[in-house]
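A short write-up of the structure that comes next.
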Amino acid sequence: MSEQNLLRTEGLHVFYGKSHILHGVSLEVNRGEVVCLLGRNGAGKTTTIKGIMGLAARAQGSVTIAGKRAERLPPHGVARLGVGYVPEGRKIFPHLTVEENLAVPVGRPGRWNLNEIYKFFPRLHERRRHPGGMLSGGEQEMLAVGRALITNPDLFIMDEPSQGLAPKIVQEIYGLIRDMVQEGQAVLLAEQNAFMALEVSSRAYVIDNGRIVFDGAAGELLADRERVRALAGASI
Ligand code: ATP
């Protein structure tokens, strides 16, 4: 494994109770890369991310983050290794204010602090005293992104950032992902919105029924839309 390697899963198996959901998923993300994880509804994208984060029990296989074995770590242990996580459905604290949501206990010093987050998202600054639950879907996504960025992660993991948002807001969120890419931030992006994700990614994985069925350059899939539809069920 090179020093460039930020995340590697090898042969990861995850069960929910007795249901065997992930059947040996191997993937990796290197420094400066944006990698997308595509797949139809229920294919196993969220389960893969939960397996990486320690939010689902890993039954077998390894998770390595920045050279350190992580498959036995709880979520805060994974976060401490430099992983920022934006969950599906944002999961912000609805009764805490924006500013309280941004007061994250883990993390390290770096480019991102409260001031920088407010500069990057002026809307969050305007809304800083509002409860998270009063924000629009797009603002909540910004808050979830800000909450992960403020930990100054080496690797940023986003689960379906476009889900449930109006197209204009999705464009805004993807503009933000592009800005992060320009700054060299490594990102793992799970998306059902395959074409949108492929446009910002350098590499792609497609998962189906808990198994990786494609692993290659994002450009290879972008050049073959029919294949994306067949593999990932993408409708656009
Ligand atoms: P989506 O876009 O719908 O989130 P996904 O690719 O992220 O799809 P997962 O959420 O990882 O898919 O789900 C993979 C499989 O695991 C599905 O068959 C789903 O029904 C099942 N599953 C997910 N969560 C649980 C759970 N808590 N208990 C049991 N089965 C689950």
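The values are calculated or read from the model by the stated rules, or taken from the named source; none is laboratory data. What you are looking at is a predicted structure, and each value in this text was computed from that prediction instead of being measured. Cβ coordinates were reconstructed from backbone atoms using ideal geometry, including for glycine residues, and neighbour counts include every protein chain displayed. For the accessible areas, the whole protein counts, side chains as well, though only heavy atoms, and no ligand, DNA or RNA atoms are used. Shrake-Rupley method; radii C 1.70, N 1.55, O 1.52, S 1.80 Å.
General remarks:
- Quarter the surface of the alpha carbon convex hull of the stretch 152-236 and you get the mean projected area, 6.0 square nanometres.
- Amide H partners (placed H, <5 Å) of Val34, local residues excluded: Val187, Ser202, Arg203
- 20 Å Cα-Cα reach of Lys18 towards lysines, excluding residues that sit fewer than 8 places from it in its own chain: Lys45, Lys50
- FRET efficiency estimate (nearest 0.05) - Cβ-Cβ, Arg108 to Arg227, R0 45 angstrom: 0.65
- Residue among Leu96, Gly210, Val145 farthest towards the positive dipole end of the chain, charges placed on Cβ: Leu96
- Label point at Glu183 placed 7 Å out along Cα→Cβ; residues across the stretch 95-120 whose backbone nitrogen lies under 16 Å: 107-120
- Here the calculated FRET efficiency for Glu126 and Lys91, from their Cβ-Cβ distance with R0 = 22 Å, stands at 0.50, rounded to the nearest 0.05.
- Low-density loop positions, GluC sites (Glu not before Pro), the stretch 6-78 - DSSP coil, at most 16 other Cβ in 10 Å: none
- Amide H partners (placed H, <5 Å) of Thr97, local residues excluded: Gly132
- Carbon and sulfur %, accessible surface of the stretch 1-83 computed with the full protein complex present, 1.4 Å: 47 percent
- Cα gyration tensor of the chain - equivalent ellipsoid semi-axes, whole Å, descending: 27, 21, 17
- Selection among Phe156, Gly132, Leu6 by position relative to the dipole of the chain gives Gly132 as farthest towards the positive end (Cβ unit charges, Cα centre).
- Within straight-line cross-link reach of Lys119, lysines at Cα separation under 25 Å, skipping those fewer than 8 residues along the same chain: Lys91, Lys168
- Probing with 1.4 Å while keeping every protein chain in the model, the per residue accessible area of the chain equals 45 Å².
- Residues of the stretch 86-108 with amide N under 12 Å of the 7 Å Cα→Cβ point at Met134: 95-99
- Accessible area of the stretch 172-236 belonging to carbon and sulfur atoms, whole % at 1.4 Å probe: 45 percent
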